[in-house]
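Below is one structure; the comments refer to it alone.
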């Protein structure tokens, strides 16, 4: 993080009209180890899974909050190893399909 290097590890899609909030994540261990051979893969995996759980809204500090509140909480800037990138607005009639499309385009290993 100190060197400004990053790996896309997931995508979050929020669609207010459809009450949809979902994250799809993966941990590409070889890419992580290319940046830091001593990286804590278990800790990173748990941190990424927390994003998926927060989107579901059933556990953790955002349990029971509206999808919009959870989305704003998830995308708020933090000074941690796992961070969200900038929010990009868009329109879709199929948020689940868009989640998969963006994940394949931006995250999935080649």
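Once both axes come from the Cα atoms, what is the angle between helix 95-106 and the longest principal axis of the chain, in degrees from 0 to 90, rounded to 10?
The answer is roughly 20 degrees.
Give me 98, 46, 5 ranked fewest to most by other Cβ atoms within 10 Å of their Cβ, as a rough exposure proxy.
5, 46, 98
Can you give me the relative contact order of the range 10-106 as a percent, contacts being Cα pairs under 8 Å and 6 or more apart? Walk me through the intermediate numbers first.
Values: 98 pairs, mean separation 30.4, N = 97.
Reported relative contact order: 31 percent.
Could you work out [θ]222 nm for the chain from helices alone, using -39500 (n - 2.57) per DSSP H run of at least four and dividing by all its residues? Round to the nearest 500 deg cm²/dmol. It would help to have the intermediate numbers written out before the result.
Numbers: 4 runs with 44 residues, N = 110.
For the chain, the value works out to -12000 deg cm²/dmol.
Given [x] 0.94; [y] 1.03; [z] 0.96 as candidate values of Rg/Rh (Cα atoms, Kirkwood Rh), which corresponds to the one derived from the coordinates?
Matching the structure shown: [z].
If I fit a long axis through the Cα atoms of helix 41-56 and take the longest principal axis of the Cα atoms of the chain, what angle between them do I get, 0 to 90°, rounded to 10?
0
Can you pull the one-decimal nm distance between simple spin-label points at residue 58 and residue 100, each 7 Å off the Cα toward Cβ?
2.1
Subtracting the Cα-Cα distance from 0.36 nm times the residue separation, let me have the gained length for residue 107 to residue 69 in nm, one decimal. Present the calculation step by step, with values, prior to reporting the outcome.
Details: separation 38, 0.36 × 38 = 13.68 nm, distance 2.47 nm.
So the chain would gain 11.2 nm between residue 107 and residue 69.
Bear in mind that the values in this text are calculations on the coordinates, not laboratory data. Please read all numbers here as calculations on a predicted model, not as lab measurements. Ideal geometry is used to build each Cβ from the backbone, glycine not excepted, and the neighbour counts take in all protein chains shown.
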